[in-house]
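Step one of this worksheet: look at the structure below.
Quick note: the coordinates plus some simple rules give every number you see, no bench work behind them. On a predicted model such as this, the values are computed, not experimentally measured, just so you know. Every residue, glycine as well, gets a Cβ built from its backbone with ideal geometry; the counts of neighbours run over all protein chains shown.
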Amino acid sequence: MSGIETKNINIKSIVESLLFVAEKPLSLLEIAEAIGIPVSEIQKSLKELEADYKNRGISLINKGEYFALISAPENSKEVSRLLNEELRHDLSQAALETLAIITYKQPLTKAEIEEIRGVNSDQIVRNLMVRGLIAEIGRKESVGKPILYGTTMEFIQYCGLENENALPKMEELNLFEKNDEAS
Amino acid sequence: MYAVSNDQFEGPLDLLLQLIEKEKLEITTVSLSKITSAYLEQIENMQGTSSEMADFLVVAAKLLYLKSKELLPDIKSDEEEEEIEDLEAKLREYSIYKKAAANLESILIDGQRGYSRRAKSESEIIFLPPQDINHQMLFAIFQETLNKLPEQIEERVITDSPEQKITIEDKKKIIYSLTKKKKTIRFKEILAGAKNKTEVIVTFLAILEMIKQKEIGVIQKESFADILIMGLK
């Protein structure tokens, strides 16, 4: 066994341990600092871990630079029963619409959300924040420095996704529309 | 009748989109013009806050412009023209997000969800006694604690008990009746029967209020000297 190979196996194993004990999602930087190696060397291990977890009860998910271990989404029925949690989603059409806009346009301000929806969205944005599905992720560098909103790791978990790349692209959504009309 | 917050539609764009889809039309200026009367019909019976209604009316105005242009093709305003194009573009954009929302909903209906490990909450309270603790020490600490307590507790009970409460109104009545009996009374005299600090404060506040309402007049020769109170009514 060559030295490099051994090192690689170790890194993957260490990354897994770190993610396992962490009580919150870990950033690439946090993982890199804990191991004492550059960020670039961790990414490969994360990819391998992600592949390892296919067909397992644990999934590796990420939101941007942040990674977390969660229960496999396909087991949500049993897990929610154990945790005594409601699985049925209860988001209104308005909430879904707002969430979709934020998912695809993030980061964006409330004014920008309202521009697309054509109606006031104070209440809905507040509700989504309380639910933890969106969060304030910064300030826009414009007059008044308005708050920028984005989706959260909880949103990714809530949808049972690996990350936001798993969602169809905007262009693909457009295609859905054309297919619908053709059929 | 439609309420704006009704699940039927979420805003003017949603209403437009639903009307266009109902007629199986594409999102074009022509389609917008075709659904104008249906749109107006819908918002006529709508109940919403004025700011919600304003959003609907802005769109209605744009649709009416389209309609009037059909009747009088010569009339053209560049500004309005731009707004119509803007409306069309916005509607297109909105329709894509509607698709995205529908897609999101189908994902959520699937009910697949990931759960993170339950973090052991930091608020969990654990009692960690020192290793060399024994029952005598615990007894001594308990005794000490008890010795510190009683006075404070008693005081609390007295000030909080309802029958001890004296309102400013009560005090005003008492002071008023006193000024009827005697021409001048001394502040100290009134305070003599006070049971606690609160009553002193209430008495003082009552006097201030009576001065303001010109029911009494007061004289104080120098700072901290006794205050003489006279009835004016």
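Distance from the Cα centroid of segment A:82-156 to that of segment B:5-79 is 27 Å (rounded to whole angstrom).
When the helices in chain A are scored as -39500 (n - 2.57) per DSSP H run of 4 or longer and the sum is shared across all residues, what 222 nm value do you end up with, to the nearest 500 deg cm²/dmol?
Result for chain A: -16000 deg cm²/dmol, rounded to the nearest 500.
Our helix-only sum for chain B, with -39,500 (n - 2.57) per DSSP H run of n ≥ 4 divided by its residues, gives a mean residue ellipticity at 222 nm of -19500 deg cm²/dmol.
In this model, which of B:148/B:172; A:169/B:69; A:140/B:99; A:24/A:110 are farther than 32 Å apart at the alpha-carbon?
Going by Cα-Cα distance, B:148/B:172; A:169/B:69 fall outside the 32 Å limit.
List the trypsin sites (Lys or Arg not before Pro) in segment A:54-160 that DSSP assigns to loop (not H, G, I, E or B) and whose Cβ has at most 10 other Cβ atoms within 10 Å. Which are they? Listed in order of number, the matching sites are A:54, A:56, A:88. Partners of residue A:54 within straight-line reach, counting lysines whose Cα lies under 19 Å from its Cα and excluding those fewer than 8 residues away in the same chain: A:12, A:44, A:63, A:77.
Can you classify chain B as rounded, prolate or oblate using the Cα gyration tensor, where a ≥ b ≥ c are the square roots of its eigenvalues, rounded means a/c under 1.5, and otherwise it's prolate if a/b beats b/c and oblate if not? Don't skip to the answer; put the middle values down first.
Working: a/c = 5.27, a/b = 1.83, b/c = 2.88.
It is oblate, given that a/c is not under 1.5 and a/b is not larger than b/c.
Against the empirical curve 2.2 N^0.38 Å, the C-alpha radius of gyration of segment B:33-122 lands at a ratio of 1.73.
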